[in-house]
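Visitor: Take a look at the following structure, please.
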Amino acid sequence: MSQNSQSEKMSFQAEVKQLLHLMIHSLYSNKEIFLRELVSNASDACDKLRFESLDNPDLLSKDSKFSIIVSYDKDKHTITISDNGIGMSREEVINNLGTIAKSGTKDFFKSLSGDKQKDAQLIGQFGVGFYSSFIIADKVKVTTLKAGLSKEFSVSWESDGLGEFIVSESNRETHGTDIELHIKEDSFDLLNGWRLREILHKYSDHISLPIYMFKEEWDDEKKTQIQTNDLEIVNKSNALWARPKSDIIESEYKEFYKVLFHDFEDPLFWTHNKIEGRSEYTQLFFIPKHAPLDIWDRDSSHGIKLYIKRVFIMDDSEQLLPRYLRFVRGIIDTSDLELNVSREILQESKDIFSIKEASIKRILGLLDDAAKNKAEDYNIFWNEFGQILKEGIGEDFANQEKIAKLLRFVSTYGEDDSQYTSLSEYVSRMDSKQEGIYYITADSLMAAKNSPHLEIFRKNNIEVLLLPDRIDEWMISHLRDFNGKPLISIAKEGFDVSKISGEVDIKNPAEISESSKSIITKIENLLKDRVKSVKVSSRLIDSPACILVEKNELSPHMVRILKAAGQNPPDSKLILEVNPDHDFFKKLSDLDDADFEQWSNLLLDQAILTSGGNLNDPVAFVRCLNSILLKT
Ligand code: ADP
Ligand code: MG
């Protein structure tokens, strides 16, 4: 192709090439999605222009009513999707259609499953939709003019999807974009009005803009359908959420969810409500079955679509739902706001604030209902999103009680790890001796289960919640009590072990022998730089020692998490509790001074390790351990 000064040949970014290769070679059984993607881009382009023209009405050409036209040419083997949306400048064409700017692309490649159906759905989810054109086209030509620019700035982009694309001057006169697809021979079945209409119904009926196609008539001479010059609307523009609930069947909700939110699986739960009265709006919320890959990025989620009187305004989760509900997908459609609302207005809006409050209640209610009535599905939800919901305990005090009811834990009650317990269930099983709800945090479920702190609880059949997640310690620090029962860490000082131990004789520190007392004093002197005090433990049965911290200090586990997160928390003052009945302790009295010191340090080090802490000097620990081992 000739290359004048206005025409440049460029290479796709490496990742685009990889993606295109994937599209072309593995997604050919998902031909239809190109139309969904291109129509959705056209619709986005119109929404963008509508939004920008609020501040700058000159951007719109005179007769613009936003619309999308889908046409085809059987002889030239082309399908064209045209819109009169915002269009693109030359630079935007190069950036938007030559690279993948999305940080999610790497994750996209990682997440490919080899299951082509699912992979095809992922393409939409990752916003790489435009390239799906190359599943069915061997050449794509984009002609576009950016709103606000004069027609000399019109550009075209052309590519065969193999490695390069060409950008040149073009001649579009009004703002908007045409995408012309040269259909591959094996996809000629798409060059059919009936087939295209069918695909548009399937995927694009909810698009609120009119989508037009040329009317077709039977031509008696040619014995075939031919296109006339009259346009007719093909999509129903039926906003599902605006229809009465009683008219909508389950499968319609599911299909709607999958198309609008690019998911390949049915949602777990949903709730649809129309609120009338002082404030008027409709909510339709879905809880997905799986988390999208960017769910851990607290800023990236755009799960809620805001409509005003059925016109799409923006994707925005933050104004409409708190971040701890960022897994929710859905729609809010209100008639309380003006169409020309801006993000700034949204931030200030009292209406939006009250819609947000009501939406939180609605979603927590939906989850509560599911927890009660669909326990199995609720467990799926909890495994997928429980960690995120926990953020709400510390972030939304007004709803803390409701969120606390939704929490699920593994506990020592059922030894089966997949068996969850709620706080209410825990409370209903509480022993009358208990002062509160007991828990232990640790790095893993295994570490929690084997913690020496648990020994006395196990012996007395007292249930303890096992909290192995990173967020747990932070969360629990915000949850002081539940149903009036305080939450008590069993790894901190300040609760009376004797209260829970009935049948087991517990060691009364006052009654231990003088020789044991002097050993403890000796240990305390040797370790005084490392611990605050050394005490006789009444909670240990099988272990020689454990670590406690004072009630308001950070646990060794928390100190470790904070350090890993790059913070610099003060080291907590540790209390070493020892078990005088343990052979380790008994052995101490036979040792000479040098050995005694080594053994004391070892006792402390192992207690720190089993309590989830890190050793400040692991080399010294190993040296000490080896020296003791070699003497035996
Ligand atoms: P996404 O829609 O998720 O951003 P796509 O691959 O579908 O990803 O499109 C890439 C980008 O190309 C869009 O974000 C948009 O900037 C631009 N684009 C695509 N189609 C159009 C169009 N019809 N009008 C204007 N811009 C478009
Ligand atoms: Mg798109």
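Visitor: All but one of (1) over 48 Å from the mean Cα position of the chain (by Cα); (2) part of a helix (DSSP H, G or I); (3) surrounded by 13 or more Cβ atoms within 10 Å (Cβ to Cβ) hold for PRO580; which doesn't?
Guide: (2) is the only condition that PRO580 fails.
Yes or no, residue by residue, for (1) basic (Lys, Arg); (2) modelled with pLDDT under 85; (3) open to solvent by 20 Å² or more (accessible area, probe 1.4 Å):
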position: GLU280; (1), (2), (3): no, no, yes
position: PHE286; (1), (2), (3): no, no, no
position: LYS289; (1), (2), (3): yes, no, yes
position: ASP297; (1), (2), (3): no, yes, yes
position: GLY303; (1), (2), (3): no, no, no
position: LEU306; (1), (2), (3): no, no, no
position: ASP316; (1), (2), (3): no, yes, no
position: LEU325; (1), (2), (3): no, no, no
position: ILE332; (1), (2), (3): no, no, no
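Visitor: Could you look through segment 596-614, keep only residues that are open to solvent by 10 Å² or more (accessible area, probe 1.4 Å) and of a type in the set (Ser, Thr, Tyr), and pick out the one that is farthest from ASN626 (Cα to Cα)?
Guide: Within segment 596-614, the match that is farthest from ASN626 (Cα to Cα) is SER611.
Visitor: Starting from residues that are more than 24 Å from THR228 (Cα to Cα) and within 16 Å of ligand 2 (Cβ to nearest atom), keep the ones in segment 182-210 and report whichever is surrounded by the most Cβ atoms within 10 Å (Cβ to Cβ).
Guide: Checked segment 182-210; the qualifying residue surrounded by the most Cβ atoms within 10 Å (Cβ to Cβ) is ILE207.
Visitor: Only residues in segment 91-117 that are among the hydroxyl-bearing types (Ser, Thr, Tyr) count as the first member; pair them with residues that are within 14 Å of ligand 2 (Cβ to nearest atom) and modelled with pLDDT of 70 or more, Cβ under 9 angstrom, at least 6 apart or cross-chain, and list the lot.
Guide: Hits for this filter: THR105/LEU19.
Visitor: Give all pairs with beta carbons closer than 6 Å in which a residue from segment 354-374 that is over 13 Å from LEU268 (Cβ atoms) meets a residue that is open to solvent by 50 Å² or more (accessible area, probe 1.4 Å); count only pairs at least 6 apart in sequence or on separate chains.
Guide: Note: pairs meeting the criteria are LEU364/LYS402.
Let's see how each residue does on (1) closer than 17 Å to GLY303 by Cβ; (2) surrounded by 12 or more Cβ atoms within 10 Å (Cβ to Cβ):
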position: TYR212; (1), (2): no, yes
position: GLU221; (1), (2): no, no
position: GLN227; (1), (2): no, yes
position: LEU231; (1), (2): no, yes
position: LYS236; (1), (2): no, yes
position: SER246; (1), (2): no, no
position: SER251; (1), (2): no, no
position: LYS258; (1), (2): yes, yes
position: TRP270; (1), (2): yes, yes
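Visitor: To continue, here is another question. If we scan segment 50-69, do we find a residue that is assigned to a strand (DSSP E or B) and within 16 Å of ligand 2 (Cβ to nearest atom)?
Guide: yes
Visitor: Ok, one more. Yes or no: ASN552 open to solvent by 40 Å² or more (accessible area, probe 1.4 Å), of a type outside the set (A, V, I, L, M) and closer than 30 Å to ILE403 by Cα?
Guide: Yes; evaluated as a whole, the condition is true for this residue.
Visitor: Moving on to the next point. Can you confirm whether segment 167-181 contains a residue that is on the phi > 0 side of the Ramachandran plot and open to solvent by 10 Å² or more (accessible area, probe 1.4 Å)?
Guide: So far as segment 167-181 goes, no, none of its residues is on the phi > 0 side of the Ramachandran plot and open to solvent by 10 Å² or more (accessible area, probe 1.4 Å).
Visitor: Right, next: Can you pull out every residue in segment 484-496 that is in a loop (DSSP other than H, G, I, E, B), surrounded by 14 or more Cβ atoms within 10 Å (Cβ to Cβ) and out of contact with any His (no Cβ under 7 Å at 6 or more places or on another chain)?
Guide: GLU493, PHE495, listed by residue number.
Visitor: Cβ contacts < 8 Å: first residue among the acidic types (Asp, Glu), restricted to segment 535-551; second residue not in a loop (DSSP other than H, G, I, E, B), any location; separation 6+ or different chain. Result?
Guide: ASP542/PRO452; ASP542/GLU455; GLU550/LYS492; GLU550/ILE575
Visitor: Tell me whether segment 325-334 contains one or more residues that are more than 25 Å from LEU268 (Cβ to Cβ), part of a helix (DSSP H, G or I) and aliphatic (A, V, I, L, M).
Guide: No - not one qualifying residue is present in segment 325-334.
Here's the yes/no breakdown for (1) assigned to a loop (DSSP other than H, G, I, E, B); (2) within 26 Å of PHE397 (Cβ to Cβ); (3) in contact with a helix residue (DSSP H, G or I) (Cβ under 8 Å, 6 or more places away or on another chain); (4) not charged (D, E, K, R):
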position	(1), (2), (3), (4)
ASP469	yes, yes, yes, no
TRP474	no, yes, yes, yes
SER498	no, no, no, yes
SER501	yes, no, yes, yes
ASP529	yes, no, no, no
ILE561	no, yes, yes, yes
LEU576	no, no, yes, yes
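The values are calculated or read from the model by the stated rules, or taken from the named source; none is laboratory data. The shown structure was predicted, so the numbers you read here are calculated from the model rather than taken from an experiment. Methodologically, a virtual Cβ is constructed for each residue, glycine included, from the backbone with ideal geometry; neighbour enumeration extends over all protein chains shown. Just so you know, the surface numbers come from the protein's heavy atoms only, side chains and all, with ligands and any DNA or RNA stripped out. Shrake-Rupley method; radii C 1.70, N 1.55, O 1.52, S 1.80 Å.
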